[in-house]
Amino acid sequence: MKDNSGLVVLLLVLVLVVLSVFSTLNTFASFDNAPVDKEPVNSGKIGFSVIEPPKPSISHGEVGFMIKAADEES
Amino acid sequence: MEVSNRIIAVLLVLAIAVSAGNFFGATGPLGEAISGMSVTAGKTNVSVTSQASITFVTGWNQTWFGQGTTNAGSSLVIATNQANSNSFYNGSYCNNSAFFGTGTHVLPMCIQNDGNDETTCVKIQASASPTGWITCSGTCAQTPEARIKAYENSTAGLSCTSGLRSTWGQLNGTQRWLCEAINTTRVIGVDVELTLPQNTNSGSELSTTITISGTSDC
């Protein structure tokens, strides 16, 4: 049986290298992708609305009288 | 496949170098802290950049006085720190800490330091001067005015450690400071006062946009 120990060691070392490289890249990427708080709200609004005052309610009435002519003496 | 010991050695050195670079690059040199012995203290070097940032407390950036009528023959003053007449909403304090009168209330503005600078300067300005947004039917019978002042909103010590604008100042298109140094996470309230001429335009909403900014110094 052929001795493959050299190949096994080579594969293990390659895995180690790959893992190390990814670990390194991930470490630095995490600094760039640090969680960011919500954006501050820097604008607002002040406002109001003017309405016409209610008009007074007006109802019409009538007051009157009539003077009747006096009866003539017969 | 024949792999020479030289190749394996080179690859191992490479792996060790990458791993070492990763370790020291992330945490900085630890020197003699690396040993088989347990250690009770370590050191991490952290550099924090000062960042001045402020924000309106969520929901406390809309000062809406509601609908009301003007006075006949004189101007009308409405404000967030008083009970208002003519059907305009009564005033209240920042974060509902107190109210004036009953019914629906107009909210003042609440500004918080959400950065990490303990001496952030808070400034405010409107998108227009009072005459630009409190408009009248014809020439205004009285001069429209918009004023602001700031107040402390914390019972746990000062929020604004210096330069609190506690007296009324004009609110217009010019940037004006409210607090020269607000502590982190703390909140200050901003009162608004408006003077409405007797012939202020009716039937539509009159409003102006407010912008605040935080800087490391005033």
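For this structure, a couple of remarks:
- Taking other C-beta atoms within 10 Å as the exposure proxy, B:217, B:117, A:71 rank A:71, B:217, B:117 from fewest upward.
- Taking a point 7 Å out from the Cα of residue B:185 in the direction of its Cβ, the residues of segment B:108-125 whose backbone N falls within less than 17 Å of it are B:111-120.
- For the pair residue B:216 and residue B:71, label points projected 7 Å from Cα toward Cβ lie 4.8 nm apart.
- Cα-based convex hull, segment B:54-215, per residue volume (Å³, whole number): 102 Å³
- Rounded if a/c under 1.5, otherwise prolate or oblate - segment B:169-211, Cα gyration tensor axes: prolate
- Over segment B:128-169, all Cα pairs binned in 10 Å intervals from 0 give whole-percent P(r) values of 23, 32, 21, 17, 6, listed from short to long.
Only the coordinates and a few stated rules stand behind these numbers; no lab work does. From a predicted model like this one, the values you see are computed outputs, not experimental measurements. FYI the Cβ positions are ideal-geometry reconstructions off the backbone, even for glycines, and counts take in every protein chain you see.
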